[in-house]
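The values are calculated or read from the model by the stated rules, or taken from the named source; none is laboratory data. All figures in this text were calculated on a predicted structure; none of them were measured in a lab. Every residue, glycine as well, gets a Cβ built from its backbone with ideal geometry; the counts of neighbours run over all protein chains shown.
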Amino acid sequence: MDLMIKPFAPRRNVSKSKHRKQRIKKKRERRETMERLKTDMAEIGEGQKRIREGQREIRQKFEEIESECRSLREETMNITSQSDYNQIRINLMFAILKARQDSDFARADHLTRLLRSVKLISFAISFLDN
């Protein structure tokens, strides 16, 4: 009977060492997985940081474009109003010339005063704009 008990004892020791090796192997695999996850998270964080920087740059460029657009719109409006004033002055000058040709000096005098007042108004407006 002694012979029967002895063969079972080494098996238990072998089994325990086998389980210990498996636990060590699982522990190593978990550690490697955690390290991989940490590096992946670091790479993702860097990618997100680059994306945020890119979005910030795009937002800044968009604001610059909007500002440029506003200033161009304002400049266009100023040019349009100046063009309108120039057209009024030209029309008055032609009317003055026509009145002088027709020897209507009273009308020519009236149109000349009107031309001067238009020039003063346009000067005042351009002065206020600057």
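Taking the stated definitions as given, is Arg59 part of a helix (DSSP H, G or I), more than 42 Å from the chain's Cα centre (by Cα) and at pLDDT 90 or above?
no
Which residue out of Arg107, Arg31 is surrounded by 10 or more Cβ atoms within 10 Å (Cβ to Cβ) and over 26 Å from Ala124 (Cα atoms)?
It is Arg31.
Would you be able to say whether some residue in region 92-107 is without any contact (Cβ under 8 Å) to a residue 40 or more places away in the chain, among the acidic types (Asp, Glu) and in a helix (DSSP H, G or I)?
Taking every residue of region 92-107 in turn, none turns out to be without any contact (Cβ under 8 Å) to a residue 40 or more places away in the chain, among the acidic types (Asp, Glu) and in a helix (DSSP H, G or I).
Do any residues in region 69-87 that are surrounded by 11 or more Cβ atoms within 10 Å (Cβ to Cβ) have Cβ atoms under 8 Å from those of residues that are in a helix (DSSP H, G or I) and small (Gly, Ala, Ser), where the two are at least six apart or on different chains, and which pairs are they?
From region 69-87, the pairs are Gln82/Ser122; Gln82/Ser126; Tyr85/Ser122.
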